[in-house]
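The values are calculated or read from the model by the stated rules, or taken from the named source; none is laboratory data. The shown structure was predicted, so the numbers you read here are calculated from the model rather than taken from an experiment. Positions of Cβ are backbone-derived with ideal geometry, glycine not excepted, and every protein chain shown enters the neighbour counts.
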Amino acid sequence: MSSILRSTRPVPRPESPAPGTHPAPAPAGRPARGLLPVVLTATFMTALDFFIVNVAVPSVQVDLRAGPAAVQWVIAGFGLALAAGLVTAGRLGDRYGRRRVFALGLALFTLASAGCGLAPTAGALVAARVLQGLAAALTGPQVLAILRTAFSGAAQARAFAMYGLTLGVGAVFGQLIGGLLIRADLFGLDWRTCFLINLPVGLAALLLVRRCLPESRAPRRPGLDPAGVVLVTLALTTLVLPLIQGREQGWPLWTWLCLGGSAVLLAAFGVHQHRLSASPLVDTRLFRERAFAAGILAQLAFWLGQASFFLVLALYLQQGRGLDALGAGLVFTAIGLGYLLTSVTADRLAARIGRQVVAVGALLMAAGLGLIGLAAYGAGTTGSVWWLAPGLFVDGLGMGMVIAPVTTTVLTRVAPELVGSAAGVLATVQQVGGALGIALIGIVFYGADGFPRGFELSVAALAVLELVLAALVQLLPRTGPAPAVTAPAGGARPSA
């Protein structure tokens with residue numbers, strides 16, 4: 001998992017191409033054929049484990065005699081550790097090498113998965129889940145940074161399209177895969193296979209890391225910014241923790257104190273980063289580029305809706321309509337079919353119509369959610385849930401047109417020197433947006449009279465959110481000009 005970087009003189013950055021062209025810092029040679037499968041394996045495992053645990057919870061409660069608080073932390077511990085560690089992980093990749101940090105994260109994730117699958121008690125499972133979240137935080141920004149630096153031009157757009165496809169497949173089919181694994185009950189392991197399945201996959205990917213992944217890092221080895229690490233970790237922890245646990249506990253005083261404290265800590269972090277002249281953890285120059293700033297807002301709006309929609313749909317199908325995990329997972333396939341159709345062509349659509357591919361996707365999602373709400377209202381509590389399928393399919397079509405193009409827009413204009421910082425911010429926004437969306441839509445869902453009614457109101461609110469996303473997209477640049485964010489000369493250097 002380690003490599004030796006040969007010392008070379010910094011290579012001056014080429015002049016920026018004219019507006020309207022795509023910046024393409026050329027990678028050193030053609031990327032290895034196995035690069036995409038290796039990095040996307042980590043992406044798939046992270047997305048899958050974020051959602052698959054919901055299927056395993058009932059069996060975990062019985063097998064480990066886990067109480068409600070322990071079960072809640074099985075879910076919350078992963079998300080909290082993941083969100084809190086992403087920004088720092090981006091800096092670690094810049095400093096020590098993205099391949100090295102990626103390999104470390106993948107190894108820890110595989111080890112933690114073994115810990116989850118073999119956990120003898122609920123407490124041991126929670127600890128392993130926290131380690132899983134930290135490991136996923138190490139790999140997440142490195143995947144985005146590696147795709148940004150190893151590919152250029154049309155190949156980069158295709159790579160991000162595959163990233164979006166992988167992320168969506170893990171999320172959409174997580175419930176189905178979990179249901180199938182538990183139903184199969186391989187070797188009598190029941191829920192444990194949901195975690196142990198990561199072992200052969202993770203080990204196989206680890207064996208290919210050194211052969212398939214180029215090493216890259218920031219040209220000037222940045223410092224760790226210890227004060228910034230402490231501030232951002234505390235800020236994100238105090239923000240995400242109450243969002244995860246607040247509704248379940250009735251929003252006690254500590255949740256509001258944490259949210260207020262997170263605002264103060266985030267402000268202190270921003271001031272600290274702005275004043276830091278050398279190696280800030282998050283370079284504030286990133287936000288001077290309109291594509292990055294507007295793209296981050298669009299990402300936030302999109303992820304506000306994604307995690308919350310999957311949650312309320314699963315609750316509606318399983319607790320509101322009485323389906324088991326496998327039956328609910330089969331309904332989810334309607335979204336997956338639509339998603340697969342558009343996600344594999346999203347890069348070509350973006351090349352033709354630019355930013356409007358995201359707007360069209362958002363409008364399709366709004367239309368799909370509208371159809372879902374009407375179908376749920378018509379089905380009541382006794383009609384077939386398969387009336388939801390057309391709306392779910394349309395929603396999936398829209399999803400496939402949004403994920404990869406928005407990610408590409410945020411990262412392609414960022415100078416190579418700032419890729420790690422940008423990737424950490426982007427991944428953090430995804431996680432914070434998901435937690436915030438679950439908290440807000442959860443208020444709507446649980447505040448209604450019954451799950452069917454809560455589901456109808458939730459999809460109506462989410463449809464409005466997709467319209468907001470379509471409007472935010474208009475803030476993005478029309479074309480893909482050169483990076484406006486600059487840093488000291490030099491680019492990500494290849495390593496032997």
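Structure summary
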{"read-out": "Whichever residue in the range 424-453 is over 24 Å from the mean Cα position of the chain (by Cα) and part of a helix (DSSP H, G or I) and, among such residues, is surrounded by the most Cβ atoms within 10 Å (Cβ to Cβ)", "value": "451"}
{"read-out": "Output for the range 233-280, where each listed residue is in a helix (DSSP H, G or I), aromatic (Phe, Trp, Tyr) and more than 16 Å from residue 87 (Cβ to Cβ)", "value": "254, 256"}
{"read-out": "Every pair of residues 6+ apart whose Cβ atoms lie under 6 Å, when the first sits in the range 436-448 and is without any contact (Cβ under 8 Å) to a residue 24 or more places away in the chain and among the aliphatic types (A, V, I, L, M) while the second is buried (at least 17 other Cβ atoms within 10 Å of the Cβ) and assigned to a helix (DSSP H, G or I)", "value": "444/457; 444/458; 444/461; 448/454; 448/457"}
{"read-out": "Count - residues of the range 205-231 that are in a helix (DSSP H, G or I), within 20 Å of residue 46 (Cβ to Cβ) and in contact (Cβ under 8 Å) with a residue 24 or more places away in the chain", "value": "5"}
{"read-out": "Selected residue (only one of 81, 119, 137 is more than 18 Å from the chain's Cα centre (by Cα) and either within 29 Å of residue 190 (Cα to Cα) or at pLDDT 90 or above (or both))", "value": "119"}
{"read-out": "Residue list for the range 298-345, filter: of a type in the set (Gly, Ala, Ser), within 15 Å of residue 52 (Cα to Cα) and over 16 Å from the mean Cα position of the chain (by Cα)", "value": "314, 325, 327, 328, 329"}
{"read-out": "Qualifying residue in the range 203-210 (condition: assigned by TED's automatic domain parsing to the domain that holds residue 44, buried (at least 24 other Cβ atoms within 10 Å of the Cβ) and within 17 Å of the chain's Cα centre (by Cα))", "value": "no"}
{"read-out": "Test for residue 414: is it of a type outside the set (S, T, N, Q), crowded, with 24+ Cβ neighbours inside 10 Å and under 15 Å from residue 299 (Cβ atoms)", "value": "yes"}
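Table: residues versus (1) of a type in the set (A, V, I, L, M); (2) surrounded by fewer than 21 Cβ atoms within 10 Å (Cβ to Cβ); (3) in the same structural domain as residue 85 (by TED's automatic domain parsing).
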residue: 149; (1), (2), (3): no, no, yes
residue: 163; (1), (2), (3): no, no, yes
residue: 173; (1), (2), (3): no, no, yes
residue: 186; (1), (2), (3): yes, yes, yes
residue: 190; (1), (2), (3): no, yes, yes
residue: 195; (1), (2), (3): no, no, yes
residue: 199; (1), (2), (3): yes, yes, yes
